[in-house]
1. Here's a check for you: in the stretch 38-70, which residue that is out of contact with any Lys or Arg (no Cβ under 8 Å at 6 or more places or on another chain) and among the polar types (S, T, N, Q) is farthest from PHE24 (Cα to Cα)?
2. When the stretch 60-81 is examined, which residues are found to be closer than 23 Å to ASN38 by Cβ and either touching an Asp or Glu at 6+ places or on another chain (Cβ under 6 Å) or among the β-branched types (Val, Ile, Thr) (or both)?
3. Scan the stretch 99-126 and report the pairs whose first residue is free of Cβ contacts under 8 Å to residues at least 12 places away in the same chain and whose second residue is of a type outside the set (Gly, Ala, Ser) and not in a strand (DSSP E or B), with Cβ atoms within less than 9 Å and a gap of 6+ or a chain change.
4. Name every residue in the stretch 20-37 that is under 15 Å from ILE124 (Cβ atoms) and either modelled with pLDDT of 95 or more or hydrophobic (A, V, I, L, M, F, W, C) (or both), in order of residue number.
5. Could you tell me whether ALA32 is touching a Gly at 6+ places or on another chain (Cβ under 7 Å), loosely packed, with under 13 Cβ neighbours inside 10 Å and at negative phi?
6. Output yes when any residue across the stretch 83-101 is within 17 Å of LEU5 (Cβ to Cβ) and β-branched (Val, Ile, Thr), and no when none is.
Amino acid sequence: MEHILAIKEKIFNLLQSELGQYTFANGQSVPAISVDNNGQFPPPGTVIKGLECVIIPLNNAIATRLCGSKQITYQSDILLKQWNSSSNVICATEKILAGLPEVARIGPRLLSNGELQSIEQQRITIEVNQVIRWE
């Protein structure tokens, strides 16, 4: 989990000027970046404005056999959500692509649709490798 916190810090530094705000029911506001906690964040009653970045940690692991060891590739997703219908996620996606060497894939950009009341979203998959050696 500590590599996820390091990724969150890198993303925060890359997107600091782009990020929107979470405004909680008590009136406190913080930058709209979070690590998904099984849908428990942000809490009910939170107002989200602008660009939101949600990191979904370790949603997949792939093991590859090597000679005398295994390589485990841990995959996590970064989900960019644009709550402002007059903005998009393109610049934020480009900043993450340029600043995070862990990026493995960029999914299709889902555009906002007023009729469906959907927001613009972009999924980015990152990978971190770990080698486990057998004694």
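The values are calculated or read from the model by the stated rules, or taken from the named source; none is laboratory data. Here the structure is a predicted model, which is why all the values come from computation and not from measurement. Every residue, glycine as well, gets a Cβ built from its backbone with ideal geometry; the counts of neighbours run over all protein chains shown.
1. Within the stretch 38-70, the match that is farthest from PHE24 (Cα to Cα) is ASN60.
2. First, pick out the residues of the stretch 60-81 that are closer than 23 Å to ASN38 by Cβ: 60-62, 72-81.
ILE62, ILE72, THR73, GLN75, ILE78, LYS81, listed by residue number.
3. Correct list of pairs: LEU111/ASN88; ASN113/ILE119; SER118/LEU111.
4. If the condition is that a residue be under 15 Å from ILE124 (Cβ atoms) and either modelled with pLDDT of 95 or more or hydrophobic (A, V, I, L, M, F, W, C) (or both), then ILE33, VAL35 are the ones that fit.
5. Details: touching a Gly at 6+ places or on another chain (Cβ under 7 Å): yes; loosely packed, with under 13 Cβ neighbours inside 10 Å: no; at negative phi: yes.
It is false that ALA32 is touching a Gly at 6+ places or on another chain (Cβ under 7 Å), loosely packed, with under 13 Cβ neighbours inside 10 Å and at negative phi.
6. Looking through the stretch 83-101, at least one residue is within 17 Å of LEU5 (Cβ to Cβ) and β-branched (Val, Ile, Thr).
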